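Trainee: Structure provided below as structure tokens; questions to follow.
Every number here is computed from the coordinates shown, using simple stated rules; none is lab data. If you're wondering where the values come from, they're calculated on a predicted model, not measured in any experiment. So basically every Cβ, Gly included, is an ideal-geometry build from the backbone, and we count neighbours across all protein chains shown.
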Number of protein chains: 4
Amino acid sequence: MLPAYIEDVQTWLADFHYFEDIKVRFCETDLFGHVNNTVPFIYFEQVRASFMEQSGLMEQEVEPGVIGMPVIASLHCDYVQQAYYNDKLSVGVKIARVGRSSIDMHYVALNGDEIIFTGTSIVVQMNKNTGKSIAFNNEQLESLAVTVK
Amino acid sequence: MLPAYIEDVQTWLADFHYFEDIKVRFCETDLFGHVNNTVPFIYFEQVRASFMEQSGLMEQEVEPGVIGMPVIASLHCDYVQQAYYNDKLSVGVKIARVGRSSIDMHYVALNGDEIIFTGTSIVVQMNKNTGKSIAFNNEQLESLAVTVK
Amino acid sequence: MLPAYIEDVQTWLADFHYFEDIKVRFCETDLFGHVNNTVPFIYFEQVRASFMEQSGLMEQEVEPGVIGMPVIASLHCDYVQQAYYNDKLSVGVKIARVGRSSIDMHYVALNGDEIIFTGTSIVVQMNKNTGKSIAFNNEQLESLAVTVK
Amino acid sequence: MLPAYIEDVQTWLADFHYFEDIKVRFCETDLFGHVNNTVPFIYFEQVRASFMEQSGLMEQEVEPGVIGMPVIASLHCDYVQQAYYNDKLSVGVKIARVGRSSIDMHYVALNGDEIIFTGTSIVVQMNKNTGKSIAFNNEQLESLAVTVK
């Protein structure tokens, strides 16, 4: 059974263009013998951080004198298959939706062709002075549009 | 703005009966100076594990010769306020819904009266031999009904 | 066989006055079924951080205009017995030696009367401007002398 | 100032033949802005685990009916320079000494030519039935001799 954010697996997978190889560490397993449930969020962070740097989604001046910074509003993981010590995973991230001041990101961890886990996050652009959300400017929206395609 | 799983905050909060005190560790912060986004899932696991033991939600014989084991199907966190090194959090967990073979759990982390983050998880009872879900038996449902109330 | 820094266990143990209770988390175990070897350093950090705050061993003005900050130069752990999920450990830290600009700290984790692991660290006071070590002043030495006794 | 286990840096470094590239993760930093002190032990474990598999230093029959398993007796880290988010480290491990039933391993983390941290560990071969140490057999010693050279 698929999570609600995946309509068609093949289409959904085809949109991922940013991946990093991550080998499961010994300390990332637990006494059940497989990867602990807290670990996918570490992998998501690793690919998200690289991806955001590369996509220009970092702290920046959004309007004259107004600094916008991306803040994680939520994180989500669906566990599909178990992962084990030494598994070589390919962990991908993509932008699934661009809103006025927020972005939905999706994640997938593959072991070969098999989906091990999937996930989502919402990243909001905050005005660093007020702590409130602030809309992306046109330059950001254009840059994000390129990243989404 | 509240996550969709919280209709009314006060009602939602009033249903939590299991809490553990957790002090934020130094190594749980990151270079932004606050608690890293991967950390709430560690806290959720801590309270979930204790709560499930106490609620009898552990690996057990569900039908003669059939062992059922609880498996995490999904984890979710909504970040409401920042947490910092040495914060004394009170982290709660409750059963929000009992299904045929799965349970929705909700989580909250409080710093005094303030909500720092909230979350959800779905736990499915799996047949250990087949790897498929298996319905809770009457004894389990009665026990869960008591826990929910 | 005892590590070289412990001459007599009973004497060594009797000098610990600062302890914190730490319950082993599920995610701190690994596929061997016991606590992963990287975890004692997390416990050492927890007690060291609290202990240093309480002992006034934080960043401070050491000479007029010169800020000294404590920096970890080394960490060490000796594994004596296995620890397991849900073990209730009592983790202690003490100052074992005060040097000109550095302090040796010792650690112990007890499960009841049993020693689970022991450890050491060297903390050096650094001049924040130069990055070189800087001697403790008399006030600091007096304060440390009290802490050691 | 060098740790006592390094007589001459260049000679010591020249003996490392097993390295893995490790990029510092965001969640491995702390509020001081650099890599948390507990993290080098995670890196040491990663290279040690791979190296031990490759060197045949795993659980095995040492005498007829007697299973020997490698157990970590101690871990040590000396912090030389700070590491930061996104640093690309090259982390090496080598066998520094082979004893009757134990091995000393040394570790180094390099950022380009710079040493960021160094470390040591003692691995003891335990008799799985008795929990006591058991001497390496000739085959193991020959295999280790090749690895050391």
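Trainee: Over chain A, what relative contact order in percent results from Cα pairs under 8 Å that are six or more residues apart?
Mentor: Dividing the mean separation by the residue count of chain A yields 25 percent.
Trainee: Calculated FRET efficiency, A:ILE67 and D:GLN82, Cβ-Cβ r, R0 22 Å, to nearest 0.05?
Mentor: After rounding, the FRET efficiency stands at 0.25.
Trainee: A further question on this structure: Using the Kirkwood formula over every pair of different C-alpha atoms, what hydrodynamic radius in Å results for the protein assembly as shown?
Mentor: Values: mean 1/r = 0.0382 Å⁻¹.
Hydrodynamic radius (Kirkwood, Cα only) of the protein assembly as shown equals 26.2 Å.
Trainee: Compute the label-point distances linking B:LEU13 to its equivalents in the other copies; points lie 7 Å from Cα along Cα→Cβ; give nm, one decimal, shortest first.
Mentor: Spelled out, the distances from B:LEU13's label point are 4.5, 4.5, 5.7 nm.
Trainee: Assume the label is 7 Å from Cα along Cα to beta carbon: what separations in nm does B:GLY99 have to the matching positions in the other copies?
Mentor: 2.4, 5.5, 6.0
Trainee: So if I take the centroid of the Cα atoms in the range A:99-113 and the same for the range B:72-144, what is the distance between those two points in Å?
Mentor: Distance between centres, Cα-based: 23 Å.
Trainee: Quick one: dipole size for chain D, taken about the Cα centre, charges +1 on Lys/Arg Cβ and -1 on Asp/Glu Cβ, in debye to the nearest 20.
Mentor: Details: 10 positive and 19 negative charges, 56 e Å.
Charge dipole of chain D: 260 debye, to the nearest 20.
Trainee: Using the Karplus curve 6.51 cos²θ - 1.76 cosθ + 1.60 with θ = phi - 60°, work out ³J(HN,Hα) for each residue of the range C:30-41 in order, rounded to whole Hz, and write x for Gly and Pro.
Mentor: 10, 5, 6, x, 10, 5, 5, 5, 7, 6, x, 5
Trainee: With Kirkwood's inverse mean 1/r over C-alpha pairs for Rh, give me the Rg to Rh ratio of the range B:28-75, two decimals please. Please report the intermediate quantities before stating the final value.
Mentor: Values: Rg = 15.8 Å, Rh = 13.1 Å.
So for the range B:28-75, dividing Rg by the Kirkwood Rh gives 1.21.
Trainee: Turning to a different aspect of this structure: Checking the table A:LYS132/B:LYS88; B:LYS23/B:LYS94; C:LYS94/D:LYS132; A:LYS132/C:LYS128; C:LYS88/D:LYS23 against a 24 Å threshold on Cα-Cα, which pairs fail?
Mentor: Result: A:LYS132/B:LYS88; C:LYS94/D:LYS132; A:LYS132/C:LYS128; C:LYS88/D:LYS23 exceed 24 Å.
Trainee: Continuing with this model, one more query. What is the spin-label model distance, in nm, from B:PHE32 to A:GLU20 if the labels are put 7 Å beyond Cα along the C-beta direction?
Mentor: It is 1.6 nm.
Trainee: What list of ³J(HN,Hα) values in whole Hz, one per residue of the range C:92-99 in order, does the Karplus curve 6.51 cos²θ - 1.76 cosθ + 1.60 (θ = phi - 60°) give from phi, with Gly and Pro shown as x?
Mentor: x, 9, 8, 8, 9, 7, 10, x
Trainee: Kirkwood Rh, Cα Rg: Rg to Rh for the range A:9-148?
Mentor: The Rg/Rh ratio comes out at 1.03.
Trainee: Taking H placed 1.01 Å from N in the peptide plane, check which residues at least 5 places from C:VAL80 or on another chain put their amide H under 5 Å from its amide H.
Mentor: C:PHE117, C:THR118
Trainee: Rounded to the nearest 10 degrees, what's the angle between the helix A:138-148 long axis and the longest principal axis of chain A, both from Cα atoms, 0 to 90?
Mentor: So the inclination is approximately 20 degrees.
Trainee: Tell me, in nm to one decimal, what length is gained between D:MET58 and D:ALA4 on full extension, where the rule is 0.36 nm per residue of separation less the Cα-Cα distance?
Mentor: Extending this stretch completely gives an extra 16.6 nm.
Trainee: I would also like to ask the following. In peptide A:75-83, how many Cβ atoms from other protein chains are near each Cβ within 10 Å, on average? All intermediate terms of the calculation are to be shown ahead of the outcome.
Mentor: Values: counts 11, 7, 8, 6, 7, 1, 0, 2, 0.
Going residue by residue through A:75-83 and averaging, the value is 5.
Trainee: Going by amide H atoms built from the backbone, whose H comes under 5 Å of the H on B:PHE136, apart from near neighbours?
Mentor: Here the answer is B:SER101, since their amide H atoms fall under 5 Å of that of B:PHE136.
Trainee: Moving to a separate point now. In chain B, which residue puts its Cβ closest to the axis that turns chain B onto chain A, and how many whole Å away is it?
Mentor: Nearest residue, distance rounded to whole Å: B:HIS76, 2.
Trainee: Taking D:GLY56 in one copy and the same position in all the others, each labelled 7 Å out along Cα→Cβ, what are the pairwise distances from the first, in nm, shortest first?
Mentor: Copy-to-copy label distances at D:GLY56, shortest first: 5.4, 5.7, 6.0 nm.
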